[in-house]
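Participant: Encoded as structure tokens, here's the structure I'll be asking about.
The numbers here are math on the coordinates, done by the rules we state, and not lab data. Predicted model, so just to flag it, every value in this text is computed and none were measured. For neighbour counting, all protein chains shown are included, and Cβ atoms are generated from backbone atoms with ideal geometry for every residue, glycine included.
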Amino acid sequence: MIRFAAREKVPRWLNYAVPLGSVILAVIVAGIFLAATGHNPLTTYKNIIQASITQPGAFSSTLVSMTPLLFTGLAAAVAFRMRIWNIGSEGQLYMGAVGASGVGLLLHNLPGPVLIVAMMAGGIAAGTLWAAVPGALRAYLNTNEILTTLMLNYVAANIMYYLIFDSNSYWRDLTSPSARVFPQGKNLASTANWPPLQLGSVTIPFGLLLAAGFAVLLWGVIRSTKYGFEMRVVADSPPAARYAGIKTRRKILSLMALSGGIAGLGGASQVGDFSHVLDPRGLEQAGFGYTGIVVAALGRYNPVAVVVTSFFIGMLVNAGYALQGPGFPIGVTGTMEGILLFCVLGSEIFTRYHVTIRAPRRATAIRPVPKPPAAVLPASAHEEVPS
Amino acid sequence: MTDDPTTTRQSAYLNASLREGTPRLVGAGPVPALATRGVTKHFPGVVANDRVSFEVMPGEIHALLGENGAGKTTLCNVLTGLYRPDEGYVEVRGEQAAFHSPRDAHDAGIFMVHQHFTLVQPLTVAQNVILGWSRRRGIWFSPRRVEREIAEIAEQFHVPIDPSTKIWQLSMGEQQRVEILKALYRGARTLILDEPTTVLTPQEVRQLFETLRGMAASGTSVVFISHKLPEVLAVSDRVTVLRAGKAMGTVRTADTDAKSLAHLMVGRDIMLGRKGSSGKTNAAQAVLSLSDVSATGDLGTPAVVGVCLEVHPGEIVGVAGVAGNGQRELAEVIAGERPHTAGTITIAGRPQHGTPWEAIDAGLGYVPEERMGVGVAPGLTIADNLRLKSYREDGHGPLLHAKRGLRNATELIERFDIVARGPKTLARELSGGNVQRLLLARELSSHAKVLVAASPTRGLDVASTESVRQLLTESADRGVGVLLISEDLDEILDLADRIAVMYRGRVVGVLDRDGADIDHIGLMMSGVAS
């Protein structure tokens, strides 16, 4: 039988060994899945590595795939870590793209660096405001932010479509007859292109550098600022935070705004780095916001770890595009993503519990009782610790 | 409180064993109604019960005495089938029993009255008694028949209660009687009561003891769990003392006294109480003053009604009352966690508008009733918990001073005797006494002028209780005004300079400690006197 006993102290090495082991397990399980669906696992893995890293240009395109995921991953990580369930990075990213492209179009006469900074500000502002709505509802009216942020994703998507497809808005290109028949956004001036960093054959998108900087910054904020400390208290126990005189409502609102701002900057990066146009269909199909939640969960909501996990998911996404074909539907990579997530999150039980498997005792003996989780132990059991 | 317990108890005991029919002989004595044989129960890191053996005779009131954390509750959970022992077994009327659930224990006639009642407030006594009890009847519920049966049992065991009353209309003492009735109705032959006197007034305690004696006289065995010596001496026939999970021995109550029991229980002599009353009700400006303060409870009903109260520097004011008469709400109102609907609150001269940060700023230290989750954030480290309020003083910038936090924590851990591996231990890993010391360390090391302590020693072992009380006294001696809210009347009588008694949200009277009479306070607590 299997016994679970809560670990009192988690050995340090376990914190690294378990995630590593779970990734290996995921590779094996996904291999079985591949074999079962008629793909040679080894060849597939080799192809994935080729398509995402070793082929010429593959690494750069993995970095491209990774960039928006790092933004949304950070947005989700920072919120989820503080137990604010912002599922709305998707919509906040759309609004960020709307804001950044609007600013980019409006200020096209300004010199490049100023224009780029203005676009970032536009993206951040739009994402922040979009997230502040459910944030305020949560903080002051205690509505469930999971529902409100999720619903606002659809609203944001519709706004985006409306701007390009259903109206003669400022964002829409109305200059040519063909653009009137096949609606599309106005292209931004080339001065609005965010400058990538070229390292040998590898192109690093400007947004990726920005996001990586944010990852480190957020890590520092959580770790060693008063704001981070307050958020940690709010996350652990809102009554304790209130007791300590922390203005919990403002903290919740500000955290939602921060999370939304990061997602919004992700939207700005999509426009500035890659598309240079507001492209509702492309953004919606990519689903960066939802994938970002996966990225954050894999990184256990640690901003620095999210850099690594967004790279891995970026690899998979990129390889998925490359391998896609009649014999290899895109759903296969999605399933692999799911297996990875399942293994990594599921294995967490091994860090928190001591799991032993042993043969059941002889039938005459009384069956041992599974230990209750620590939380329901009687007070007496804890008091017993010599004090 | 007892007229002559030994003679009456002893005869009931013998009668009972004769009534048992043909008593099988185990050694020389009669067969115990319930016994444990070498019961051992482990929890991660602790041995809650270590080879505990004890016997309860039919018709006997058997006290299990021990500090909080001595393993009493665990033992009861083994007796009632909630836990299975790792080693040893439970014996019922001479036969080994293997309980797989509380239901098995019920079938063997073993019932427990928990410290926290398990009654449904809007239902009647009768409905509560049969709730979840489906045995020996069909699907039809005949309220009148059940009520009649209950009334019969109530009469037989002298448990006066009207079966058709709704629970919310009853006092805590009466609710406890319902719990006892519930067990008797279901055929209890052994009744286990876990700290049954905590929620009762002194008068209700006496009534409970009468009931228990009546039950014992008719052959029911009673296991009475308590850490209060006077009660154990007053009601029990025999006492088994538990200490650190071990049974230290069983003695006849008639052959022992408080001192030797206390020694057995703690392993050394104990001294409680405030040594030498400072007795200063000085004329200085009050540091905490409430005038006509009212507030509503969680259900929107009035919980604090027109309370006027003053606490002066260096003074301990005790708030006595039966649990649930507005004491918790009063503490929350002062701390700014619950808005007051009327009146004014002034802390160190600064009027309060009902926010926690305002109260903290003005110099309020607060030990909330709920320590884990309110007073202490369980998932944070000791160091973080210690600077839960003082982190704001880490310079003016946005950064935390990590090193100072750790240094400060190390110092406080030392000074307040917090037993932990180090400042980075999570608060949830601490025992109850250490959590309370952690809380007090933070509240007392700040520059508080007023300290509100709500039930600060509840659930603590004797040593921790002693140290917490000492800390409260010391801070009063340093000039802090202390408002001590406690359901333990003895504690208030020991520590407080003045005693305010609360009943239904009102302060029905404020007494000087020296003129206080426990019976009078008891009457005030039940709203009879003022």
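Participant: Rounded to the nearest 500 deg cm²/dmol, what is the calculated helix-only ellipticity per residue at 222 nm for the protein assembly as shown, with -39500 (n - 2.57) per DSSP H run of length n ≥ 4? Each step should come with its number before you reach the end.
Facilitator: Values: 34 runs with 428 residues, N = 917.
Roughly -14500 deg cm²/dmol at 222 nm, from the helical runs in the protein assembly as shown.
Participant: Can you list residues from other chains, or at least 5 along the same chain, whose modelled amide H is less than 5 Å from the amide H of B:TYR366?
Facilitator: Counting only residues 5 or more places away or on other chains, the set is B:VAL452.
Participant: Scan around B:VAL223 for amide H atoms under 5 Å from its own, H built in the peptide plane at 1.01 Å from N, and keep only partners 5 or more places away or cross-chain.
Facilitator: Distant-sequence amide H within range of B:VAL223: B:HIS62, B:LEU191, B:ILE192, B:LEU193.
Participant: Suppose we keep just the alpha-carbon trace of chain A; what are its Rg and Dmax in angstrom?
Facilitator: 23.9, 87
Participant: I need the fraction of alpha carbon pairs in the stretch B:384-530 separated by more than 20 Å, rounded to a whole percent.
Facilitator: Looking at the stretch B:384-530, the distances longer than 20 Å represent 56 percent of pairs.
Participant: If each residue of separation counts as 0.36 nm, what is the full-extension length gain between A:SER224 and A:GLN324 once their alpha-carbon separation is subtracted?
Facilitator: 31.5 nm
Participant: Once the Cα gyration tensor of the stretch A:225-296 is found, what semi-axes does its equivalent ellipsoid get, as square roots of 5 times the eigenvalues, in whole Å, sorted largest first?
Facilitator: Each semi-axis is √(5λ); the values are 34, 12, 9 Å.
Participant: Over chain B, what relative contact order in percent results from Cα pairs under 8 Å that are six or more residues apart?
Facilitator: 15
Participant: Follow-up. So if I average 1/r over every pair of distinct C-alpha atoms in the stretch B:223-267 and take the inverse, what Kirkwood radius in Å does that give?
Facilitator: 10.4
Participant: Ok, one more. For the protein assembly as shown, take every pair of Cα atoms, bin their distances at 10 Å starting from 0, and report each bin as a whole percent.
Facilitator: In order of increasing distance, the bins hold 2, 10, 16, 18, 17, 14, 11, 7, 3, 1, 0, 0 percent.
Participant: Follow-up question, since we're still on this one. Positive end of the charge dipole of the protein assembly as shown (Lys, Arg +1 and Asp, Glu -1 on Cβ, about the Cα centre): tell me which of A:VAL64, B:TRP168, B:VAL322 has its Cα farthest that way.
Facilitator: Towards the positive end, the residue furthest out is A:VAL64.
Participant: Each residue of the stretch B:363-377 in turn: what ³J(HN,Hα) in whole Hz from Karplus with 6.51, -1.76, 1.60 and θ = phi - 60°, glycine and Pro shown as x?
Facilitator: Those phi angles translate into x, 9, x, 9, 10, x, 4, 8, 7, 6, x, 10, x, 9, 7 Hz.
Participant: Dividing the Cα convex hull volume of the stretch B:140-247 by residue count, how many Å³ per residue is that?
Facilitator: Residue-normalised Cα hull volume stands at 125 Å³.
Participant: Something else: Between the stretch B:177-254 and the stretch B:456-529, what is the C-alpha centre distance in whole Å?
Facilitator: Using only Cα atoms, the two centres lie 26 Å from each other.
Participant: Could I get the Rg over Rh figure for chain B? Both from C-alpha atoms, Rh via Kirkwood, rounded to two places.
Facilitator: With Rg and the Kirkwood Rh in hand, the quotient comes to 0.99.
Participant: Between 0 and 90 degrees, rounded to the nearest ten: what's the tilt of helix A:330-346 against the longest Cα principal axis of chain A?
Facilitator: 40
Participant: Once the Cβ-Cβ distance between B:ALA529 and B:THR301 is put in as r, and R0 is 30 Å, what FRET efficiency do you end up with, to the nearest 0.05?
Facilitator: Numbers: r = 24 Å, r/R0 = 0.81.
Computed FRET efficiency for B:ALA529 and B:THR301 comes out at 0.80.
Participant: Could you size up the charge dipole of the stretch B:377-446 around its Cα centre, putting +1 on the beta carbon of Lys and Arg and -1 on that of Asp and Glu, and report it in debye to the nearest 20?
Facilitator: Numbers: 12 positive and 8 negative charges, 25 e Å.
Taking the Cα centre of the stretch B:377-446 as origin, the dipole is about 120 debye.
Participant: Return the loop-located trypsin sites (Lys or Arg not before Pro) in the stretch B:420-511 (DSSP other than H, G, I, E, B) with at most 12 other Cβ atoms within 10 Å of their own Cβ; answer none if there are none.
Facilitator: Values: sites: B:ARG421, B:LYS424, B:ARG428, B:ARG437, B:ARG442, B:LYS449, B:ARG458, B:ARG469, B:ARG478, B:ARG498, B:ARG504, B:ARG506; in loops: B:ARG421, B:LYS424, B:LYS449, B:ARG458, B:ARG478, B:ARG504.
Sites meeting the loop and neighbour criteria: B:ARG421, B:LYS424, B:ARG478.
Participant: What is the gain in length, in nm to one decimal, between B:VAL510 and B:LYS166 on full extension, counting 0.36 nm per residue of separation less the C-alpha to C-alpha distance?
Facilitator: Working it through step by step, the gained length comes to 120.6 nm.
Participant: Turning to a different aspect of this structure: In percent, how large is the relative contact order of the stretch B:118-186, given Cα pairs closer than 8 Å and 6 or more residues apart? Please list the in-between numbers first.
Facilitator: Working: 63 pairs, mean separation 33.7, N = 69.
Once normalised by length, the contact order is 49 percent.
Participant: Something else: Could you give the size of the charge dipole of the stretch B:118-186 about its Cα centre, using +1 on the Cβ of each K and R and -1 on the Cβ of each D and E, expressed in debye and rounded to the nearest 20?
Facilitator: Once rounded to the nearest 20, the dipole reads 360 debye.
Participant: Report Rg(Cα)/(2.2 N^0.38 Å) for the stretch B:377-446, keeping two decimals.
Facilitator: 1.03
Participant: Rank B:ALA362, B:SER291, B:GLY66 by how far each Cα sits towards the positive end of the charge dipole of chain B (+1 on Lys, Arg Cβ; -1 on Asp, Glu Cβ) and give me just the farthest.
Facilitator: Of the candidates, B:GLY66 comes out farthest on the positive side.
Participant: Sticking with this structure for a sec: Looking at the stretch B:118-186, I'd like the Rg to Rh ratio, where Rg is from alpha-carbon atoms and Rh is Kirkwood's inverse mean 1/r. If you can, show how the numbers build up before the last one.
Facilitator: On the way: Rg = 11.0 Å, Rh = 11.9 Å.
On the Cα set of the stretch B:118-186, Rg over Rh gives 0.93.
Participant: Next up: Say a site is exposed when it is one of the chymotrypsin sites (Phe, Trp or Tyr not before Pro), sits in a DSSP loop, and has at most 14 other Cβ atoms within 10 Å; what is then the longest site-free stretch of chain A?
Facilitator: On the way: sites that count: A:TRP13, A:TYR170.
Counting at most 14 other Cβ atoms within 10 Å as exposed, the longest clean stretch of chain A is A:171-387.
Participant: List B:HIS312, B:HIS263, B:HIS42 from most exposed to least, where exposure is judged by having the fewest other Cβ atoms within 10 Å.
Facilitator: B:HIS263, B:HIS42, B:HIS312
Participant: Let me ask something additional. When the label point is put 7 Å from the Cα of B:ARG37 along its Cα-to-beta-carbon vector, which residues of the stretch B:95-112 have a backbone N closer than 15 Å?
Facilitator: Label zone hits: B:95-99.
Participant: If you count the DSSP beta bridges with both ends in chain B, what percent of them are antiparallel, to the nearest 5?
Facilitator: 55
Participant: Using the charge dipole of chain A (Lys, Arg: +1 at Cβ; Asp, Glu: -1 at Cβ; taken about the Cα centre), state which of A:TYR162, A:VAL181, A:MET315 has its Cα farthest towards the positive end.
Facilitator: Of the listed residues, the answer is A:MET315.
Participant: Can I ask one more? Where does each of B:THR301, A:THR128, B:THR346 land when they are ranked from fewest to most other beta-carbon atoms within 10 angstrom?
Facilitator: B:THR301, B:THR346, A:THR128
Participant: For each pair in B:LYS41/B:LYS228; B:LYS72/B:LYS403; A:LYS247/B:LYS403; A:LYS247/B:LYS72; B:LYS41/B:LYS182, compute the distance between the two Cα atoms and list the pairs where it is over 32 Å.
Facilitator: Table pairs above 32 Å Cα-Cα are B:LYS72/B:LYS403; A:LYS247/B:LYS72.
Participant: Something else now. Would you calculate the separation in nanometres between label points at A:LYS46 and A:SER201, each defined as 7 Å from the Cα along the Cα-to-beta-carbon direction?
Facilitator: If labels sit at A:LYS46 and A:SER201, their model points lie 1.9 nm apart.
Participant: If neighbour count is taken as other Cβ atoms inside 10 Å, put A:LEU255, A:LEU265, B:LEU261 in order from fewest to most. The partial results should precede the final answer.
Facilitator: Numbers: A:LEU255 26, A:LEU265 33, B:LEU261 20.
In increasing order of surrounding Cβ atoms, one gets B:LEU261, A:LEU255, A:LEU265.
Participant: About the Cα centre, and with charges only on the beta carbon of Lys, Arg (+1) and Asp, Glu (-1), how big is the dipole of the protein assembly as shown? Nearest 20 debye, please. Show your work: numbers first, answer last.
Facilitator: Working: 84 positive and 76 negative charges, 471 e Å.
Dipole magnitude for the protein assembly as shown comes out near 2260 debye.
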